[in-house]
1. Answer with yes or no whether S52 is farther than 26 Å from A164 by Cα and either free of Cβ contacts under 8 Å to residues at least 60 places away in the same chain or within 14 Å of the chain's Cα centre (by Cα) (or both).
2. Take R210 and decide whether it is farther than 28 Å from P116 by Cα, in a helix (DSSP H, G or I) and either under 15 Å from the mean Cα position of the chain (by Cα) or modelled with pLDDT under 95 (or both).
3. Considering (1) buried (at least 19 other Cβ atoms within 10 Å of the Cβ); (2) in a helix (DSSP H, G or I); (3) out of contact with any His (no Cβ under 9 Å at 6 or more places or on another chain), say which one D163 fails and leave the rest.
4. What's the total number of residues in the range 213-242 that are buried (at least 20 other Cβ atoms within 10 Å of the Cβ) and among the basic types (K, R)?
5. Within the set of pairs 6 or more residues apart or between chains, which connect a residue that is closer than 22 Å to E160 by Cβ inside the range 66-93 to a residue that is assigned to a loop (DSSP other than H, G, I, E, B) and charged (D, E, K, R) with Cβ atoms less than 6 Å apart?
6. Go through the range 4-55 residue by residue and tally those that are over 19 Å from G224 (Cα atoms), basic (K, R) and assigned to a strand (DSSP E or B).
7. If you check E118, E154, which single one turns out to be touching a strand residue (DSSP E or B) at 6+ places or on another chain (Cβ under 7 Å), exposed (fewer than 14 other Cβ atoms within 10 Å of the Cβ) and closer than 16 Å to Q251 by Cβ?
Amino acid sequence: MIKGYGLHTGVFSEVRFHLDEGPVRFRRAKVEIEAHVSNVISTERCTVLGKSGETLAVVEHLLAALHVRGWWKNLVIEVSDKEIPILDGSAQGWLEPLADLGKAPEFPKAFNLTKPFELTIEQSSLKANPGHAQLKVEIAFDHPMIGEQIWSGEPASYHEVLDARTFGFLHELEYLREKGLASHASLENAIVFDEKGALQALRYANEPVRHKAVDALGDLYLLGKPLCASLNIVRGSHHLHIAFVRELLKQFGTIHETA
């Protein structure tokens, strides 16, 4: 069992894993919510799933760990309240309990993209090209400790980003809390930047872009299967990632499947 407080709502929640046949799904108050893009109800500052009146926020870090561990089916994730614990702000805290479950089931057949596809929303874009699975993430912030950063890798190196923590800016905190977000944010679960630098030590000089890769891996997991494509995400967001997955399924619902 993993337990802790939610970043946005501050609720205390316990998470238990149960092996069970079928798709990966969350269980909230006896309602099962499949980890699929069709159940996404919000992408404001996090990814929120919902069904039959039950909601579950900040699923992306846990989903990123599932993505990297190759766990795509036969799992029920029971959550006692409406938000996944933020832990230290990264996805690494989910690796040990997933390892305790034993060997992940055999991978499902992947979605093999056969022609280029691109989605642009304002200043954000996601380009997908046919080819081996790989991910490139680019960010740009007008901040002395961030600026322009790039991380790229293939599935074998995706684990390198899982300990990168979520981040935010001190000047945004009041605005977020007025909107009911980041109520439990602290230096223990997020990197906080003021106008000059970070208020705590970074694990990597490019930790912000590594965490953006974590968010992307978590959101892309909601496709329901691995995506075999070369992806380039510029100024990514939960809104962009989820819109991309939805449009991908809409336009390529009969994507060729490959083992």
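1. yes
2. So R210 does not fit the description; no.
3. (2)
4. 0
5. Listed by first residue and then by second, the contacts come to G89/R165; S90/D163; S90/R165; Q92/D163.
6. So the answer is 2.
7. The match here is E118.
Each row is one residue, and each column tells you yes or no for (1) part of a strand (DSSP E or B); (2) in contact with a Gly (Cβ under 9 Å, 6 or more places away or on another chain).
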| position | (1), (2) |
| --- | --- |
| E78 | yes, no |
| S90 | no, no |
| L119 | yes, no |
| S125 | yes, yes |
| G131 | no, no |
| K136 | yes, yes |
| A140 | yes, yes |
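The values are calculated or read from the model by the stated rules, or taken from the named source; none is laboratory data. Bear in mind the structure is a predicted one, so any value in this text is a computation, not a measurement. Because the Cβ atoms are built from the backbone with ideal geometry, glycine has one as well, and the counts that use them run over all protein chains shown.
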